1. Measuring with a 1.4 Å probe in the full set of protein chains, what accessible area per residue, in whole Å², belongs to region 48-113?
2. If packing is taken as the average count of other Cβ atoms within 10 Å, what order do 26-34, 235-243 fall into, highest mean first?
3. Please give the peptides 127-134, 346-353, 157-164 ranked by average Cβ packing (other Cβ atoms within 10 Å per residue), highest first, as a rough proxy for protection.
4. With unit charges on the beta carbon (Lys/Arg positive, Asp/Glu negative), name the residue among Ile146, Val63, Ile74 whose Cα is farthest towards the positive pole of the charge dipole of region 56-191.
5. With r defined as the distance between the Cβ atoms of Ala561 and Gln540 and R0 fixed at 22 Å, what FRET efficiency is calculated, to the nearest 0.05?
6. Can you order the peptides 41-52, 332-343, 195-206, 546-557 by their average number of other Cβ atoms within 10 Å per residue, highest first?
7. Just to confirm the filter: which trypsin sites (Lys or Arg not before Pro) across region 506-546 are DSSP coil and have at most 10 other Cβ within 10 angstrom of their Cβ?
8. Placing +1 at every Lys and Arg Cβ and -1 at every Asp and Glu Cβ, with all other atoms neutral, what dipole size does region 20-115 have around its Cα centre, in debye to the nearest 20?
Amino acid sequence: MADVHETPGLLGFNEPDRGYRVLARKYRPRSFVDLIGQDAMVRTISNAFRSGRVPQAWMLTGVRGVGKTTTARILARALNYEPSPGIGSPTVDLAALGVHCQAIMEGRHVDVLEMDAASHTSINDIREITDAARYKPMSARYKVYIIDEVHMLSTAAFNGLLKTLEEPPEHVKFVFATTEIRKVPVTVLSRCQRFDLRRIDGALLARHVVMIAEKEGLTLPLDAAALIARAAEGSVRDALSLLDQAIAHAAGTITVESVRDMLGLVDRLRVYDLLETVMSGNAAAALAGFAAQYADGADPATIVAEMAEAVHAITRAKIAPEAANDIGAPQSENERVAALAARLSLRVLARAWQLLLKGLPEVQSAPRPVAAAEMLLVRLCHAADLPTPDELVRRLADPEQASASAAQAPRASTAPVANASSNTAVTSTTRLAARSSVGDGPARALATPAPANAAVPQVDIGRFEDLVTLAQVKRDIALKVALERSVHLVRFEQGHIEFRLAQGADTRLVADLQKKLADWTGERWMVVLSQEAGEPTLQQQAEARQRSLKDDVRADPAVAAVLAAFPGAEIVAVRATAGDVTESGAAEDEPLPIEAHDDDI
């Protein structure tokens, strides 16, 4: 053949000029040496060929563009390699072009049959393969069947292939390729040697793109190649397609700016500027920075997505700084990431990530994406000044020490933390723990700050109402409601509770309460069911108090006159008068803690 002695090129062999071909086809690997990023697979196949342990079938899986079909053709070429007609054996040393190599790599060899399973899914298509497999190849050493997207085959087609796949003729080899390995039956997988082709590392892919550009006589900056590699997401084919597009877009001179414009990306350094402004809590400056990027043509959803990507990069650099620069990003961006990672805490970054992740779909689906993105930035600025939950706990335990720690903690902003929100949260928590929702009097303090080395916080439960309040503080609403509505208290002592359950109540309350008391207090409590009548439930007591209060109010001459003047009027609720605290412990401007509402509306 005329093309047997052609000299090898960069990724294969020099070919006659056939007009323009896309880069992904022009520089398609033609030997195992040309494959990038698949070292484990290449080493395994090379050792198998050298030792003569060649399987009857291979299963190649991976994302798009990592070389599944290309590897299948290289395998077919290696199996049928003949430097001269009738001479040679299967080998991975494909430095010189063999008799069958050119036809196999171009997909036109008579004994290497490629089938697209997406368009040939039926049992009849597989029957043609199994029937033809009985006959020896016409010119090559092996008859090789390459089935792409094999997961698209029907169940009957898979079943029809099983017997031939398990015991094929000696002259037949199968190579399957798929992007959905989970859709392939295990009966097929068990008959194949499986290789998972990896995504190509960003830095390696960027260098590969630069090399291809040099072979095309172009100068491609490494930063621009890094943008292309990042957009390709580990796919060599996608990267070369983007390089083709970048060459056309830049009209010969490729720059970082031209690649960014082509991809519709936002300048990452401006994204980090915007993120730093947001983390400082300066909403006005953040909105101005966003408006400037939008005026330059950036899409609002893209800006939000890039901010989320920046938060991820900063978090990654903070956790694993030694590996933060292995992502193919420009050096200027790596330096900015490292600086922000040193200034922002993990808790702040995690909160920003959650807000951006939740806000991105809102921006994408909003009728006005600009407004949605601006509102998201405002939320981020507001959240930047809020204390984290652990800071709230420390402030509640020791406000002075927590304030001193907060002042020393590194922040992205020099602006002080807004104390209004934290004070409100602490006040609400204190009020929640300070009084019972259904008790007669003010509940005593339930929890005291636990020592640093204490396994279980010390809790003081002096009466049944304190137990109800503890359930509310622990956010166990189901237990709180059960204690209020289903328990007729008979006896209550420290470490001992005896009560009768209301009719129809769940008897599992006894074991559940005993376990939770042990967890909450660190002490063993005895919870006993009794047959005695016991006291009314807390809900019944609250209803009785409310009825008594309403009766007292109705007896007031002024109220009676109002009810007489407005027929049909009812007393909905009773509030404590200003200047006093009621017997139930309610604040002077708060409604009484009443649970019954059946006749209040």
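The values are calculated or read from the model by the stated rules, or taken from the named source; none is laboratory data. Owing to the predicted nature of the structure, the values given are computational and were not obtained by experimental measurement. Here Cβ is always computed from backbone atoms with ideal geometry, including for glycine, and neighbour counts include all displayed protein chains. Please note that ligands, DNA and RNA were not included when accessible areas were found on the heavy atoms of the full protein model with its side chains. Shrake-Rupley method; radii C 1.70, N 1.55, O 1.52, S 1.80 Å.
1. 35
2. Order by mean packing, descending: 235-243, 26-34.
3. 157-164, 346-353, 127-134
4. Val63
5. Efficiency at R0 = 22 Å is approximately 0.10.
6. Numbers: 41-52: 14.7, 332-343: 16.8, 195-206: 19.5, 546-557: 12.7.
Ranked from most to least packed, the peptides come out as 195-206, 332-343, 41-52, 546-557.
7. Those that pass, being in a loop and sparsely packed, are Arg508, Arg524.
8. For region 20-115, the charge dipole is close to 320 debye.
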